[in-house]
Structures are given as C-alpha cells and as structure tokens.
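Any read-out appearing in this document is the output of simple, stated calculations on the displayed coordinates, not a laboratory observation. Because the structure is a prediction, the values reported are computed rather than measured. A quick note on method: Cβ atoms are made from the backbone with ideal geometry, for glycine too, and the neighbour counts reach across all protein chains shown.
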Ligand SMILES: [Cu+2]
C-alpha cells in the first residue's frame, strides 16, 4: 500500500515547493533564489534563509543539484579592503532559534559547472544536506541578472472599502 502515502508525500511536497518553503528535522528553509547567468558562464550562487526551530544546533554541510557538477558552501568577506570569497568546508552552523541568511556579500551556495544557462523565471532544484536534519529539497527560482534579493512573495492586495 505504498501508493496513498506517496500521493500524500507528493501533495505535501507540491505545497512546500509552491510556497518556497521546506522543513525537516527542526530546520525550515525559506526564500530560496538564484540569479540568471550570462551566456557561457558556468557558475552561479544560491541564496536562502535557514531557520532552526529545533532544540539542537544543526549544520548545513553541503548541497547538490542535477543542474550542475557541484555545489559548495562559500563565504564572502572583507580582507582589508578587498572582498574575498572562500569555501567553508565545514559548512555553516545554525544554533537553536537562530536564523542564518545566505545572501549576496555573505554566505552563499556556489554552484559550479552549470549544465545550462539559468534564465529568469526558471528554477533550479537543490538538495541541501544537514548534519542532523538530513536532506532537504528546495527549488530556487531564477531572478534577473542584477537581482540582490528574492522576488517578493505574492500576496493579496490590501482590501479597500469605500
Ligand atoms: Cu562563492
């Protein structure tokens, strides 16, 4: 009787993907996004928000995608007055109650060896690996080339009464 459970899982996954949120083992992932790439570019960066709603520290240890050869966890930081990027081989810790935002100019997913150019409106499916929460699948919508933040979540326009 695997079918009903799979159907349920698929429905749940659909719900999670459509809201841009995913949750497992105390870790909630939200606001995932990436940026369109120029022709011939083989690298891209991925951004998202990690919230630890559990009671134990966890760690984002890695990520992978079928859309590219590999994904690393990177950090940008100032070295004197030069912005430098380095890999974080141990990943990023998320303490209980803490929110870690992967964003331009900070920690990010570095996607190497893209198999196709990323175009606005497309999506990239990425599997995140956590030390305790295990694997969480997220879908990164592709924003425009100059984007610095995820697209705003579509909400109902405010109701106006006259
Ligand atoms: Cu990087």
### Query
Stokes-Einstein at 20 °C, 1.002 mPa s, Kirkwood radius from Cα pairs: D for region 2-143 in µm² s⁻¹?
136
### Query
Spin-label point model (7 Å from Cα, Cβ direction): what's the residue 70 to residue 57 distance in nm?
2.6
